[in-house]
Amino acid sequence: MTTFSKNVRKYEKLCLQNDVPPQTVMAFLVEISRKERYDLYMHFDDPMPEDLKKTFEDGMERILNQEPMAHVLGYSWFYGYQMIVNPDVLIPREETEELCAKILARIDHIFPDQPEIQCADIGTGSGAIAITVAKEEPRVRMCATDISEDALKTAKLNAENNGADIEMYAGDMLAPLIERGIRLDVLISNPPYIPAEEQMERSVVDFEPHVALFGGQDGLKFYRQIFESCRKVVKEKSFMAFEMGWDQRERMSALVEELLPETKYEIIRDMNGKDRMLFVYFNCSYD
Ligand code: SAM
Ligand code: GLN
């Protein structure tokens, strides 16, 4: 007979030996048992039911092999919304939740009385950013783009499941917006920003789509592309919000100053103290 306690401890130990954070074990069990953590602890010395035990052990073996927990579950949580994830989309990250919160605060501040706010999420992946901003700010009209048709399929499913109304277009960066003459109050993007040669954890590089990760030799390829053509899609008064790599502050500042000299911009740290978000303001500011 295997109790919850015995099985959890066993896999926590295996996690430590396999370079997987041991907290993953309880996080996984909470999801698959659909129970609260305290409830599990209250029955920790009970035997684990056979069907749960099988799901738990099979899943944990995949996780020990560096597969992301979100892939084993088939979903992850983002800003309280459940997002289907699979190998076609990047698993949405915590830092990106912070980006959404900061975008919402700026929409409130910069457009307090505007009844409708046209936004776009470029490179939407699972749709996490587009869905969150659209759900949290009812004045938003959202469109989302991606070069990957497969990613867009998942984004559409997520939008539908979460009751978000989003236009989705396949295409390269801003091209779908330029073609349709769409003008934005807010342009959002978390483009691929990892430099081509960078060494990464197996759980990311072996399981997540490379089209979602790598941003050319210096990681800045897509920002350059957006900065060069964004004037064709943003309104006179508007802002742009980006996620960026923690070590890109200097090169990013130089790029904004070179390509968008008429704007104000700010680079903001995430909760881990790392430079992570870039906001660029056209004829407005957040202060
Ligand atoms: N927005 C999602 C998020 O924050 O979780 C996914 C971000 S992921 C870092 C970057 C996304 O950009 C991927 O979904 C990828 O398919 C897409 N992408 C890559 N190259 C692109 C391009 N040239 N045009 C449009 N989207 C692109
Ligand atoms: N933050 C992601 C990672 O570290 C990368 C996301 C991106 O390239 N935009 O894996």
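A few notes on this one:
- Complete set of residues in the range 201-224 that are in contact with a Leu (Cβ under 8 Å, 6 or more places away or on another chain) and either closer than 30 Å to GLY181 by Cβ or within 13 Å of ligand 1 (Cβ to nearest atom) (or both): VAL204, GLU208, PRO209, ALA212, LEU213, LEU220, TYR223, ARG224
- Residue ID - modelled with the lowest pLDDT, chosen from residues in the range 186-208 that are of a type in the set (S, T, N, Q) and crowded, with 18+ Cβ neighbours inside 10 Å: SER203
- Flag for ALA164 being surrounded by fewer than 22 Cβ atoms within 10 Å (Cβ to Cβ), more than 10 Å from ligand 1 (Cβ to nearest atom), farther than 18 Å from SER229 by Cβ and aliphatic (A, V, I, L, M): yes
- Restricting the range 100-125 to residues that are of a type outside the set (S, T, N, Q) and in a loop (DSSP other than H, G, I, E, B), the residue that is farthest from ligand 1 (Cβ to nearest atom): ASP113
- Hey, LEU174 surrounded by fewer than 22 Cβ atoms within 10 Å (Cβ to Cβ) and away from ligand 2 (no atom under 16 Å from the Cβ) or not: no
- Residue within the range 228-244 that is over 19 Å from ALA128 (Cα atoms), touching a Leu at 6+ places or on another chain (Cβ under 7 Å), of a type in the set (Phe, Trp, Tyr) and within 16 Å of ligand 1 (Cβ to nearest atom) present: no
- Checking each residue of the range 218-228 against the condition of being within 16 Å of ligand 2 (Cβ to nearest atom), among the β-branched types (Val, Ile, Thr) and surrounded by 19 or more Cβ atoms within 10 Å (Cβ to Cβ) gives at least one match.
- Whichever residue in the range 38-94 is assigned to a helix (DSSP H, G or I) and within 13 Å of ligand 1 (Cβ to nearest atom) and, among such residues, is farthest from the chain's Cα centre (by Cα): ALA70
- In the range 129-155, the qualifying residues are those that are in contact (Cβ under 8 Å) with a residue 24 or more places away in the chain, farther than 18 Å from GLU98 by Cβ and surrounded by fewer than 21 Cβ atoms within 10 Å (Cβ to Cβ), and the one that is farthest from ligand 1 (Cβ to nearest atom) is ARG139.
- Selected residue [surrounded by 22 or more Cβ atoms within 10 Å (Cβ to Cβ), more than 30 Å from LYS264 (Cβ to Cβ) and of a type in the set (Ser, Thr, Tyr)] from SER126, SER76, SER33: SER126
- For PHE214, the requirement of being in contact with a strand residue (DSSP E or B) (Cβ under 6 Å, 6 or more places away or on another chain), without any contact (Cβ under 8 Å) to a residue 24 or more places away in the chain, within 12 Å of ligand 2 (Cβ to nearest atom) and not β-branched (Val, Ile, Thr) is met.
- ARG180 within 13 Å of ligand 1 (Cβ to nearest atom) and of a type outside the set (S, T, N, Q): no
- Just one of the listed residues (ILE84, ILE129, ILE63) is under 26 Å from MET200 (Cα atoms), of a type in the set (Val, Ile, Thr) and within 14 Å of ligand 2 (Cβ to nearest atom), and it is ILE129.
The values are calculated or read from the model by the stated rules, or taken from the named source; none is laboratory data. Note that the coordinates shown come from a computational prediction; the quantities given were computed from them, not determined experimentally. Virtual Cβ from ideal backbone geometry, glycine too; neighbours counted across all protein chains shown.
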